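These notes concern the structure reproduced below.
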Amino acid sequence: MSNRSAVFGGAGFIGTNLVYQLIEDGQQVFNFDNLSGLGNLLNIAELMQQSRHSFARCDIANPEEIRQALLMAAADTIYFCITPKNPEEESSLDNFRTFFETVKEWRNGMTDTKIHKIVVVSEHYKLLGSYGHMYAGLLKLLDGYVADGLPISSLLVPPAFGPFQQPDSPISMIIYRAIEGETIPVVNPEEKVSDLVYVKDVVDAIVIVEKNGKIGGHYHLAGPSCALSNLEAADVICESLNEELPPPVGRYQALIEEVATAPVTSDISKDEATLVVLGLQGKTSLEDALKKTVNWYLNNPRWYNQSRTRFFYLWQNPETILKIA
């Protein structure tokens, strides 16, 4: 593993968890985020005084800011933890193109550059319709830069959940709703939970790709084997809260409201890229991961209270985030 790492998107959900792990592993981490999306300075507040962590704003649409970040970090490894947005627009990958074009030009112009691996990490929780086409375009884009000499490996991960996650995903939204005493709609309650992975397993997979992934390899992290239904997963969350934060009356399960709807399926085959050869499959059981996540929210009240603002903004329009997976 490298000694100096640059993490772009390092104040977001996956990026934050990765930064903490890299520092724990003894890395010197240079953390970059433009803080315009789900990037949150509170995520990395505990790291601001650590000598092995440096943070600076950087917009991947701004070549000059990218060059300054690369110069500042002088990194052995670059981790790019940003998921494309606005798949309906042809310009959805423009910022990605700007970033990698800038990195290519910077690397070609630096005779002593030490970059030996660029790991691109992206969640595929919306591999439906236009999102599928966008991801196909992303992989093609990365292939082009590999051909130009950039040492890129990519990792697509399933819907992830865990510490530092804003209430923009089904799991975190259920936890927020339960704690706040709001109804918990569970879509297709008897349907088995599909790909879903604990963020610690995602970080472990990223580290393995950095160590052993082939240049030009596109890898996919499979979720752990799971027999839980959507309703059972919600029940695990509620039961964890019953134990750790008992409600004034009754049990959190009373908040569950079952909602039936047509199943949603992905347009993308998962046979294109796997991480079987690297042993990359989520190892934390869904039940254990859910309990750990609930406990993290309860044990980090300052972070939770700051995020409640976003929860109250989203909870009136839950249709986009209700289904667990």
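In segment 192-254, carbon and sulfur make up what percent of the accessible area (probe 1.4 Å)? Numbers along the way, then the final one.
Values: 1480 of 2730 Å².
Ligands and nucleic acids excluded, carbon and sulfur give 54 percent.
For S225, what accessible area in Å² do you get when you roll a 1.4 Å probe over the heavy atoms of the protein chains, rounding to the nearest 10?
Estimated to the nearest 10 Å², S225 gives 110 Å².
What's the FRET efficiency of S36 with Q253 using the Cβ-Cβ distance as r and R₀ = 25 Å, to the nearest 0.05?
After rounding, the FRET efficiency stands at 0.10.
Report the calculated FRET efficiency for D25 and A260 (r = Cβ-Cβ distance, R0 = 30 Å), to the nearest 0.05. Display every interim value, and only then the final one.
Numbers: r = 45 Å, r/R0 = 1.51.
Rounded to the nearest 0.05, the efficiency is 0.10.
What do you get for trypsin sites (Lys or Arg not before Pro) in segment 153-262 restricted to DSSP loop and a cutoff of at most 15 other Cβ within 10 Å of the site's Cβ? Kindly include the intermediate steps, with their values, before the conclusion.
On the way: sites: R177, K192, K200, K211, K214, R251; in loops: K214, R251.
In loop regions of segment 153-262 (DSSP not H, G, I, E or B), the sparsely surrounded trypsin sites (Lys or Arg not before Pro) are K214, R251.
What's the whole-number percent of alpha carbon pairs in segment 102-255 lying beyond 26 angstrom?
Numbers: 5053 of 11781 pairs.
In whole percent, the long-distance tail amounts to 43.
When ligands, DNA and RNA are left out and all protein chains stay put, how many square angstrom of accessible area per residue does segment 195-243 have with a 1.4 Å probe?
Details: 1660 Å² over 49 residues.
Spelled out: the 1.4 Å probe surface of segment 195-243, per residue, equals 34 Å².
The values are calculated or read from the model by the stated rules, or taken from the named source; none is laboratory data. Keep in mind that this is a model prediction, so the values were computed, not measured. Cβ coordinates were reconstructed from backbone atoms using ideal geometry, including for glycine residues, and neighbour counts include every protein chain displayed. Only protein heavy atoms, including side chains, enter the accessible area calculation; ligands, DNA and RNA are left aside. Shrake-Rupley method; radii C 1.70, N 1.55, O 1.52, S 1.80 Å.
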